[in-house]
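For reference, the structure discussed in these notes is given below.
The values are calculated or read from the model by the stated rules, or taken from the named source; none is laboratory data. In this text the structure is predicted, and so the values were computed from the model without any measurement. Cβ: placed from backbone, ideal geometry, glycine included. Neighbour counts: every protein chain shown.
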């Protein structure tokens, strides 16, 4: 299979238009259609249904699209690693859950870069479930996730512990110490369930007899920063990882709310595949992280 055909198909699948991809790729529409036809011939399945409104994916096309992104990424990683032989350097690709990628790892990578200056480091933010799959599929070399990995074949090591904190804007009216029942009287702005820590939060309250989804939820959001901006306007309360709001607590832009018997800690793990022939730079990176752990986090 020609990787170029797959790349063109993936681009068309994303925008649902052959003409748009042809224009952006500086290739004629007939030539692009011919390349996708060759991919279909190689695979033995029709992938696209063409119409005046654009294109739609067939069932087979949906399956190919699902795998195409990782195949293309791994192929590009391979080329990058091959070029690294000539340049005598290497690239470590790191996937991390959003709070780790945004608030914890930048300082760590700066320290590691000082120790190993000849190595390049690419850091990408993804939900923990995606991080795990990307490690399995060789899209990245190592990952950082909240909680243990689901795949038993992955190697892992604990590198830190964080806690969930109940927070509100500095001028939001709420007593410093409240009961669990009082807590749920307040409007809440929460992370979406794609976040593993949100699912753990749901489970935590479920064990206490509370269904958090039936409480007064104003918004479910995909960004900690978005939640903090709403909290700053005193629009409600939230549950956020301490590492993501410790600066705002210190500067008193936000305040912590203490709820009787609320205690939700979670562990952070570095995950990677069991490689006998693991690249030396990756092995050194993992070893260094195990030694310094959360002491290096921002």
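Could you please find all residues in segment 121-151 being in contact with a helix residue (DSSP H, G or I) (Cβ under 8 Å, 6 or more places away or on another chain) and under 19 Å from residue 90 (Cβ atoms)?
Within segment 121-151, 121, 123, 124, 134, 138, 139, 140, 141, 142, 143 meet the criteria.
Checking the structure you have, find out if any residue of segment 282-296 is at pLDDT 90 or above and closer than 20 Å to residue 98 by Cα.
no
Restricting to segment 188-207, what's the tally of residues that are assigned to a loop (DSSP other than H, G, I, E, B) and either without any contact (Cβ under 8 Å) to a residue 24 or more places away in the chain or surrounded by fewer than 15 Cβ atoms within 10 Å (Cβ to Cβ) (or both)?
2
From the list 229, 223, which one is surrounded by fewer than 20 Cβ atoms within 10 Å (Cβ to Cβ), under 14 Å from residue 190 (Cβ atoms) and out of contact with any helix residue (DSSP H, G or I) (no Cβ under 6 Å at 6 or more places or on another chain)?
Details: 229 fails: under 14 Å from residue 190 (Cβ atoms).
Unique residue meeting the criteria: 223.
Do you know which residues across segment 96-131 are over 19 Å from residue 240 (Cα atoms), buried (at least 21 other Cβ atoms within 10 Å of the Cβ) and modelled with pLDDT of 90 or more?
Once the filter is applied, which keeps residues that are over 19 Å from residue 240 (Cα atoms), buried (at least 21 other Cβ atoms within 10 Å of the Cβ) and modelled with pLDDT of 90 or more, segment 96-131 yields only 131.
For segment 152-174, state whether one or more residues are at positive phi, within 25 Å of the chain's Cα centre (by Cα) and part of a loop (DSSP other than H, G, I, E, B).
no
Those residues that are touching a strand residue (DSSP E or B) at 6+ places or on another chain (Cβ under 8 Å) and on the phi > 0 side of the Ramachandran plot, I need them from segment 198-239; list them, please.
Hits for segment 198-239 are 234, 236.
Being touching a residue at least 12 places away in the same chain (Cβ under 8 Å) and under 15 Å from residue 162 (Cα atoms) is the filter; apply it to segment 235-248 and report the residue that is surrounded by the fewest Cβ atoms within 10 Å (Cβ to Cβ). Even if it seems obvious, please write down each step before you answer.
If we filter segment 235-248 for residues that are touching a residue at least 12 places away in the same chain (Cβ under 8 Å), which is where we start, we get 235-245, 248.
Still in the running and under 15 Å from residue 162 (Cα atoms): 239-245.
Values: 239: 23, 240: 23, 241: 24, 242: 17, 243: 21, 244: 22, 245: 22.
Ranking the candidates gives 242 first.
Consider residue 130 carefully, then state whether it is assigned to a helix (DSSP H, G or I) and in contact with a strand residue (DSSP E or B) (Cβ under 6 Å, 6 or more places away or on another chain).
The answer is no for residue 130.
Quick check on segment 16-35: of everything there that is within 19 Å of residue 46 (Cβ to Cβ) and under 31 Å from the mean Cα position of the chain (by Cα), which residue is surrounded by the most Cβ atoms within 10 Å (Cβ to Cβ)?
21
For segment 70-78, indicate whether the set of residues that are touching a strand residue (DSSP E or B) at 6+ places or on another chain (Cβ under 8 Å) and either within 23 Å of residue 140 (Cα to Cα) or at pLDDT below 80 (or both) is non-empty.
yes
Taking residue 56 as the residue in question, decide whether it is over 19 Å from residue 285 (Cβ atoms) and not in a helix (DSSP H, G or I).
yes
Does any residue of segment 81-91 turn out to be touching a helix residue (DSSP H, G or I) at 6+ places or on another chain (Cβ under 8 Å) and either in a helix (DSSP H, G or I) or closer than 17 Å to residue 293 by Cα (or both)? Walk me through how you get there before you give the answer.
Taking segment 81-91 first, the residues touching a helix residue (DSSP H, G or I) at 6+ places or on another chain (Cβ under 8 Å) are 90-91.
From what's left, either in a helix (DSSP H, G or I) or closer than 17 Å to residue 293 by Cα (or both): none.
Looking through segment 81-91, none of the residues is touching a helix residue (DSSP H, G or I) at 6+ places or on another chain (Cβ under 8 Å) and either in a helix (DSSP H, G or I) or closer than 17 Å to residue 293 by Cα (or both).
Answer yes if at least one residue in segment 128-141 is on the phi > 0 side of the Ramachandran plot and in contact (Cβ under 8 Å) with a residue 60 or more places away in the chain, and no otherwise. Steps first, please.
Taking segment 128-141 first, the residues on the phi > 0 side of the Ramachandran plot are 138.
Cutting the leftovers down to in contact (Cβ under 8 Å) with a residue 60 or more places away in the chain gives us 138.
Yes, the conditions are met somewhere in segment 128-141.
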